[in-house]
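Everything below concerns the one structure shown next.
Just so it is clear, none of the values below were taken in a lab; they were calculated from the coordinates. Model, not experiment: these values are computed from the prediction. Don't worry about glycine lacking a Cβ; one is built from the backbone with ideal geometry, like all the others, and counts go over all protein chains shown.
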Amino acid sequence: MTALILDDDSTYLYIIETLLSMQPNKIQYKQLTDPIEALALLNAEEGEIFDTILLDINMPSINGWEFLDELQKLKIHKNVFILTSSADIADLEKSRKYKDIVGYYVKPIKMEQLAAILRYK
């Protein structure tokens, strides 16, 4: 698995990095805090290849929903897991409208949840 982790919270990025380092299989990943930079990276022909995106909803510049809308416009399809501090049922319901979203987790993510994400194919 190759993952793009998109979250503007540096503390949470550190937590995810720590949890990933504890996994038995090493995962290739890149962490970004800017959704616009992530879109440019994903849209670049010579860009890195990611099959999975771990996405926060609440971010500056554009939020996770806007990021997903841009991915759809660009016809970029990845397995997307929402990792958010939002426990709002409306966000969970909204996530079901995006075919690329395959999981929704409320922070803080647990080791078992991350392991399930990493097993997803």
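Here are some notes:
- Residue ID - farthest from residue 2 (Cα to Cα), chosen from residues in segment 74-120 that are assigned to a helix (DSSP H, G or I) and of a type in the set (Gly, Ala, Ser): 90
- Selection count, segment 44-54, where residues are out of contact with any Asp or Glu (no Cβ under 9 Å at 6 or more places or on another chain) and either closer than 13 Å to residue 67 by Cα or of a type outside the set (Gly, Ala, Ser) (or both): 7
- Among the residues of segment 13-58, those that are part of a helix (DSSP H, G or I), in contact (Cβ under 8 Å) with a residue 12 or more places away in the chain, within 27 Å of residue 88 (Cα to Cα) and not charged (D, E, K, R) comprise 13, 15, 16, 19, 20, 35, 36, 38, 39.
- Subset of segment 37-53 (residues that are surrounded by 15 or more Cβ atoms within 10 Å (Cβ to Cβ) and of a type outside the set (S, T, N, Q)): 38, 39, 41, 42, 50, 53
- Residue count for segment 2-12 satisfying the condition of being surrounded by fewer than 16 Cβ atoms within 10 Å (Cβ to Cβ) and either part of a strand (DSSP E or B) or touching a helix residue (DSSP H, G or I) at 6+ places or on another chain (Cβ under 8 Å) (or both): 1.
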